[in-house]
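As structure tokens, the structure follows; a few thoughts come after it.
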Amino acid sequence: MESPFKSDVLKGKVALLTGGGSGIGFEISTQFGKHGASVAIMGRRKNVLDGAVSTLTSLGIPAIGIQGDVRKVEDAKRVVEETVRHFGKLDILVNAAAGNFLVAAEDLSPNGFKTVMDIDTVGTFTMSHEALKYLKKDTSSSSSSSSSSGGLILNISATLHYTAAWYQIHVSAAKAAIDAMTRNLALEWGTDYDIRVNGIAPGPIGDTAGMSKLLPDEIGNKTREYMPLYKLGEKWDIAMAAVYLASDAGKYINGSILPVDGGLWLSHPRHLAKEAVKKISRSVEKRSRAAPAGLPTSKL
């Protein structure tokens, strides 16, 4: 699909993306690069990183891959420093690394719960903490240029915890914590260092490997029946939201979590067809008109 943004909207920016070699993270990496940014991607699997970098460079995007685990402070520090050493600076950090699997709460081991929390939540904080000194603008310094600004941290969460989700207690807890972290860092680092911290909460994205693992086709088809937009999202939808937040168009957005799910989190299965509702409404109206004067319709 053709982007609605100018191709140079992120020109001169340097972005580091955890989980940037596959899925939604890779699509954001690609779209950042297509819109002018230089891209560093971090992941644990070297073969995935090598393939992603090869694809990015074939598109003319300046890109490097750096192997590392977001759960390890030493890896986070090394990856951030290598990114700055290679590209000269860091403007954008996207925390997209995540772990997920379906499991009933009683079957989930404490270690399994901790693993997802460590990757999603602790990893997001660790990467943000290590990137701070490169992203920040010291607003207390009288020598700071009025035209300069701090960087952006973009956290990928979810909408699972807005209500509740079957067999996703570990992920719901991790994403809820990430959203809380996003708001708190936006308050502190936005004030002190002019760093914007925002989040994107994807809904079901149809063209991802995770979707087929977490939501089989027969269930996915039922989900479409009560989604307000009657369709699953695409990785492109999430990437366009990321480009928007990373561009000057989003320069006054801080501490926001943007759901990109077609309104699914608002939805409930439709128990009555629209035509059935119309019939009921007409019946109630007829009884109301036929009611004796002065008799409240609530008594009918």
Evaluate segment 24-34: report whether one residue or more is closer than 24 Å to K137 by Cβ, assigned by TED's automatic domain parsing to the domain that holds F125 and either within 21 Å of the chain's Cα centre (by Cα) or surrounded by 23 or more Cβ atoms within 10 Å (Cβ to Cβ) (or both). yes
Can you find a residue that is buried (at least 17 other Cβ atoms within 10 Å of the Cβ) and under 19 Å from G12 (Cα atoms) anywhere in segment 65-79? yes
Flag if S142 is polar (S, T, N, Q), surrounded by fewer than 17 Cβ atoms within 10 Å (Cβ to Cβ) and modelled with pLDDT under 95: yes
Answer with yes or no whether N100 is at pLDDT below 95, under 28 Å from Q67 (Cβ atoms) and either in contact with a helix residue (DSSP H, G or I) (Cβ under 6 Å, 6 or more places away or on another chain) or crowded, with 16+ Cβ neighbours inside 10 Å (or both). yes
Just one of L17, L56, L10 is crowded, with 24+ Cβ neighbours inside 10 Å and assigned to a strand (DSSP E or B); which is it? L17
Can you find even one residue in segment 115-125 that is touching a residue at least 24 places away in the same chain (Cβ under 8 Å), in contact with a helix residue (DSSP H, G or I) (Cβ under 6 Å, 6 or more places away or on another chain) and of a type in the set (S, T, Y)? yes
Would you confirm, using the coordinates I've provided, whether A276 is among the aliphatic types (A, V, I, L, M), surrounded by fewer than 19 Cβ atoms within 10 Å (Cβ to Cβ), at pLDDT 85 or above and out of contact with any strand residue (DSSP E or B) (no Cβ under 6 Å at 6 or more places or on another chain)? no
Touching a helix residue (DSSP H, G or I) at 6+ places or on another chain (Cβ under 6 Å), touching a residue at least 60 places away in the same chain (Cβ under 8 Å) and in the same structural domain as S247 (by TED's automatic domain parsing): does that describe V80? yes
Only residues that are in contact with a strand residue (DSSP E or B) (Cβ under 9 Å, 6 or more places away or on another chain) and either free of Cβ contacts under 8 Å to residues at least 24 places away in the same chain or not in a strand (DSSP E or B) (or both): list them for segment 28-50, please. I28, S29, T30, F32, G33, A37, R44, R45, K46, V48, L49, D50
For segment 70-114, give me the residue count where each residue is part of a loop (DSSP other than H, G, I, E, B) and under 15 Å from H129 (Cα atoms). 5
Could you tell me which numbered condition E2 fails, if it satisfies all but one of (1) assigned to a loop (DSSP other than H, G, I, E, B); (2) at pLDDT 95 or above? (2)
Of the residues in segment 185-217, those that are modelled with pLDDT of 95 or more, over 13 Å from T124 (Cα atoms), assigned to a helix (DSSP H, G or I) and not β-branched (V, I, T) come to A186, L187, E188, W189, G190, D192, Y193
Could you list, in sequence order, the residues of segment 156-195 that are surrounded by fewer than 16 Cβ atoms within 10 Å (Cβ to Cβ) and acidic (D, E)? E188, D192
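The values are calculated or read from the model by the stated rules, or taken from the named source; none is laboratory data. On a predicted model such as this, the values are computed, not experimentally measured, just so you know. Glycine also receives a Cβ, built like all others from the backbone with ideal geometry; neighbour counts cover every protein chain displayed.
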